[in-house]
Amino acid sequence: TEIKQLHRTGFHFQPHHHWMNGPNGPMYFKGIYHLFYQYNPEGAVWGNIVWAHSISKDLINWKSLKPALSPSKPFDINGCWSGSATVLPGLKPVILYTGIDTQNRQVQNYAIPANLSDPHLTEWVKSDNNPIVDPGTEVNSSAFRDPSTAWLTLNGHWNTIIGSRSEQTGMAYLYRSRDFLNWTKVEQPLHSVPNTGMWECPDFYPVSHFGRFGLDTSVMGNWFKHVLKVSLEMTRYEYYTLGKYYPMTDKYVPDNTSADGWSGLRYDYGNFYASKSFYDPMKKRRVLWGWANESDSVQDDVSKGWAGIQAIPRTVWLDPNGKQLLQWPVMELNRLRRKIVMMLNQKLVKGQNVEIKGITAAQADVEVIFSFSSLDNAEAFDPSWVDAQAVCSQLGSTAQGGVGPFGLLTLASENLEEFTPVFFRIFKAEANHVVLMCSDARSSSLKDGLYKPTFAGFVDIDLSSKKLSLRSLIDHSVIESFGGGGKTCITSRVYPTKAVFGDAHLHVFNNGTESITVEYLSAWSMRSARVN
Ligand code: FRU
């Protein structure tokens with residue numbers, strides 16, 4: 001029924017119906033990608049959590065299998081919560097996951113495929129040896145979850161980290177094992193940060209200094225950096241650091257190029273949580289999955305009959321500057337591109353707004369390169385502006401600026417009663433320029449009772465080429481944007497009432513004094529993927 005499905009996505013991963021939260025145990029095995037996810041088989045609200053299971057050959061089209069793990073044993077009877085997959089030597093996948101036991105404690109369990117010659121890995125077996133890790137007396141049993149993909153160190157130990165907190169200090173406990181069955185806690189956590197609260201879904205992996213190639217989680221060497229990502233329960237945002245891992249002393253030391261805490265680097269400055277990455281040996285890349293929660297009401301979710309999508313899987317690699325990661329939608333997504341519309345060398349003077357016609361603007365992929373001839377008109381940057389989101393909500397997309405605001409108006413209704421602008425604004429600071437990127441949901445819908453935040457991040461980019469690029473994936477109720485070639489990403493969930501299906505429009509705009517040129521724009525109608 002159309003009324004209910006106005007906001008269902010066309011090419012994002014979501015179950016056929018009911019509730020979904022974080023991605024679990026993503027992996028590649030014998031020609032097939034597997035994605036498990038936190039799922040409520042009984043409704044569109046969180047609860048009764050099982051590991052639902054889907055398989056794919058291209059990360060875009062998915063077939064749903066039966067749940068891999070459901071509560072059934074004393075060690076998981078109250079829920080099968082998040083965890084990860086590790087493919088052991090000899091191509092033997094193992095799942096580590098958090099079970100909620102009979103006493104409502106969070107314990108760590110493992111499961112293995114019943115039949116390794118079934119490439120779909122349909123059937124999973126939980127051993128009665130479980131739990132393999134319990135919180136004991138030292139660890140807070142209500143804050144002990146989400147084991148990471150394990151990695152092997154040269155001394156023959158498997159290592160995994162588990163999210164936790166002690167008082168308000170967030171931490172990643174390190175556990176190790178020789179046989180993957182008997183695990184012992186390493187005295188010191190791999191890392192901890194005061195006043196960050198509970199760390200959920202920790203992820204830890206190496207990145208190469210050169211190029212886009214990813215590395216297996218177990219690759220060790222002096223010539224790599226590591227990424228430690230955590231999901232902060234208190235804010236529902238994630239942050240990561242780059243740093244150096246010392247496997248012999250079980251230490252991780254973050255670089256001092258970014259903050260290690262609330263204001264640290266983010267994969268995404270919008271709605272993106274409980275993410276997990278995996279190494280894809282087939283295409284030699286690291287792929288990142290993240291959950292984009294709904295921003296409508298619980299009542300809306302119940303009447304839609306579903307809640308939660310996964311963001312488009314992204315390839316992640318180290319920025320050549322060594323100070324942050326870069327992200328880009330996996331290339332398989334491009335196969336859904338159908339009709340293309342282009343714009344070349346279109347000048348946008350102050351206040352100008354040009355519609356991109358001829359594509360399905362509610363289900364589209366847009367890539368654009370903006371250029372400007374000078375930054376002389378850039379407004380002064382106030383050094384007290386540390387919070388990008390606050391600056392963006394203060395300045396907005398419509399108030400005139402110097403260089404910018406310029407960008408895309410996505411999911412716009414015919415008379416602009418509804419629109420979600422994704423845009424840049426460039427400032428002049430003491431020694432350089434500061435680029436602000438925003439995705440502003442405040443004007444996204446005429447409907448009340450929705451969460452319509454202004455999301456924003458800074459883009460650490462060299463502007464000497466006088467160009468700035470933007471890609472946005474628009475899919476009915478989600479806009480996923482990649483600024484500066486994947487330096488800054490922002491995902492927004494929006495629920496327009498007028499800008500739906502054929503009534504949605506796409507524009508480029510400039511509200512700055514400085515003229516902006518759309519050097520090159522391609523916009524594609526996107527086909528729907530076959531999803532579950
Ligand atoms: C993340 C999370 C995990 C937990 C799971 C429960 O959103 O809270 O910490 O394992 O979801 O569904």
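Among the residues of region 80-90, at least one is at pLDDT 95 or above, closer than 30 Å to Trp158 by Cα and among the aromatic types (Phe, Trp, Tyr). For region 237-280, taking the residues that are among the hydrophobic types (A, V, I, L, M, F, W, C) and within 16 Å of the ligand (Cβ to nearest atom), the one that is farthest from Met27 (Cα to Cα) is identified as Phe272.
Checking each residue in region 426-442 for being in contact (Cβ under 8 Å) with a residue 40 or more places away in the chain and more than 18 Å from Asp268 (Cα to Cα) picks out Ile426, Phe427, Lys428, Ala429, Glu430, His433, Val434, Arg442. Considering the conditions (1) away from the ligand (no atom under 16 Å from the Cβ); (2) buried (at least 17 other Cβ atoms within 10 Å of the Cβ); (3) assigned to a strand (DSSP E or B), Gly290 is excluded by exactly one of them, (1). Of the candidates Thr86, Thr98, Thr122, the single residue that is more than 15 Å from the ligand (Cβ to nearest atom) and touching a Pro at 6+ places or on another chain (Cβ under 8 Å) is Thr86. Hey, does region 257-274 have a residue that's surrounded by fewer than 14 Cβ atoms within 10 Å (Cβ to Cβ), under 26 Å from Gly308 (Cα atoms) and basic (Lys, Arg)? The answer is no; no qualifying residue exists. As a summary of the residue check, Thr235 satisfies the conditions (1) in contact with a strand residue (DSSP E or B) (Cβ under 7 Å, 6 or more places away or on another chain); (2) over 14 Å from Leu325 (Cα atoms) except for the one numbered (1).
Residues in region 70-92 that are under 16 Å from Asp118 (Cβ atoms) and either touching a His at 6+ places or on another chain (Cβ under 8 Å) or surrounded by 23 or more Cβ atoms within 10 Å (Cβ to Cβ) (or both): Ala85 only.
Among what's in region 340-362 and is assigned to a strand (DSSP E or B) and of a type in the set (S, T, N, Q), pick the residue that is farthest from Leu6 (Cα to Cα). Taking the candidates together, the pick is Asn345.
Exactly one residue out of Gly305, Gly351 is out of contact with any Phe, Trp or Tyr (no Cβ under 6 Å at 6 or more places or on another chain) and exposed (fewer than 13 other Cβ atoms within 10 Å of the Cβ): that is Gly351.
Filtering region 211-236 to residues that are more than 16 Å from the ligand (Cβ to nearest atom), in a loop (DSSP other than H, G, I, E, B) and touching a residue at least 24 places away in the same chain (Cβ under 8 Å) leaves Gly211, Arg212, Phe213, Leu215, Asp216, Thr217, Ser218, Met220.
Between Pro202, Pro206, Pro189, the distinction of being within 16 Å of the ligand (Cβ to nearest atom) and closer than 24 Å to Asn24 by Cβ belongs to Pro202 only. Within region 430-447, the residues that satisfy the criterion of being assigned to a loop (DSSP other than H, G, I, E, B), surrounded by fewer than 22 Cβ atoms within 10 Å (Cβ to Cβ) and modelled with pLDDT of 95 or more are Leu446, Lys447. Checked against (1) more than 16 Å from the ligand (Cβ to nearest atom); (2) out of contact with any Lys or Arg (no Cβ under 6 Å at 6 or more places or on another chain); (3) β-branched (Val, Ile, Thr), Thr315 passes all but a single condition, namely (2).
The values are calculated or read from the model by the stated rules, or taken from the named source; none is laboratory data. Quick caveat, the model's predicted, so the values are computed rather than measured. Cβ sites come from the backbone with ideal geometry, for glycine too, and all protein chains shown count toward neighbours.
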